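Worksheet: one structure, shown below.
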Amino acid sequence: MKNAIIIGLISFLVGSCTFYEPEYRSGGSFKFNQVNGRNIKFTAGAKVYNENFYAVKVKPSTLDVFIEGEYMGKIHLDKKIKMKGKRETLIEAPFTATLDNGALFKLLKFANKDRIQIRLAGNVKAGIWIIGKKIEVNETRSINGARLKFL
């Protein structure tokens, strides 16, 4: 009975906590590491503000990637990252993009544009300690098409 009360109390406290999604502030670095067939490994950085008073860990997750509305493939966060509470953090993280069939030719088409729209969609797994939450992502950003001229 004592254990049931403790578990109930912990569940109540955790359930009553408000979770704020981290806020993207600005882009940082972007570096291509390796291109191997349809897989592209790269490192990307961004400044993110975590409004929560506790640190949030983002676990390896996979998102769908669309460029100018066309499906390009999937992008995977390769390792867990941590954002400290109540502060802006510069995050550098490794990613692997797995391109869909024909996506390389589509990328070349977009590389000549001044600005292109990139949309990421899916769920990201985040958590604190042992408590996790899936955060739905549907973000669109505009970047310079010249960044695609690595091929």
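Derivation of every value follows stated rules applied to the coordinates shown; laboratory data play no part. All figures in this text were calculated on a predicted structure; none of them were measured in a lab. Cβ atoms come from the backbone with ideal geometry, glycine included; neighbour counts cover every protein chain shown.
Find out how many positive minus negative residues lie around Ser26, taking Lys and Arg as positive, Asp and Glu as negative, among other residues whose Cβ is under 10 Å from that of Ser26.
Summing Lys/Arg as +1 and Asp/Glu as -1 gives +1.
Within straight cross-link reach of Lys125, meaning Cα distance under 21 Å, which lysines are found once same-chain residues fewer than 8 apart are removed?
In chain and number order, the partners are Lys41, Lys47, Lys57, Lys59, Lys74, Lys79, Lys80, Lys82, Lys84, Lys86, Lys133, Lys134.
Show me, for region 85-96, the HN-Hα J-couplings you get by feeding each phi into the Karplus relation (A = 6.51, B = -1.76, C = 1.60, θ = phi - 60°), rounded to Hz, glycine and proline as x.
Per residue, the Karplus-derived 3J(HN,Hα) values read x, 6, 7, 8, 10, 8, 10, 10, 9, x, 10, 10 Hz.
Give me the Kirkwood hydrodynamic radius of region 20-146 in Å, from all C-alpha pairs, to one decimal place?
So the Kirkwood estimate lands at 15.5 Å.
Would you mind checking which residues have amide H under 5 Å from Gly73's amide H? H placed 1.01 Å from N; only 5 or more apart, or other chain.
For Gly73, whose amide H was placed from the backbone, the distant partners under 5 Å are Val65, Asp100.
Apply the Karplus curve 6.51 cos²θ - 1.76 cosθ + 1.60, θ = phi - 60°, to the phi angles in region 38-53 and return the couplings in whole Hz, x for Gly and Pro.
The phi angles translate into 8, 9, 10, 9, 8, 10, 10, x, 7, 8, 10, 9, 9, 6, 5, 7 Hz.
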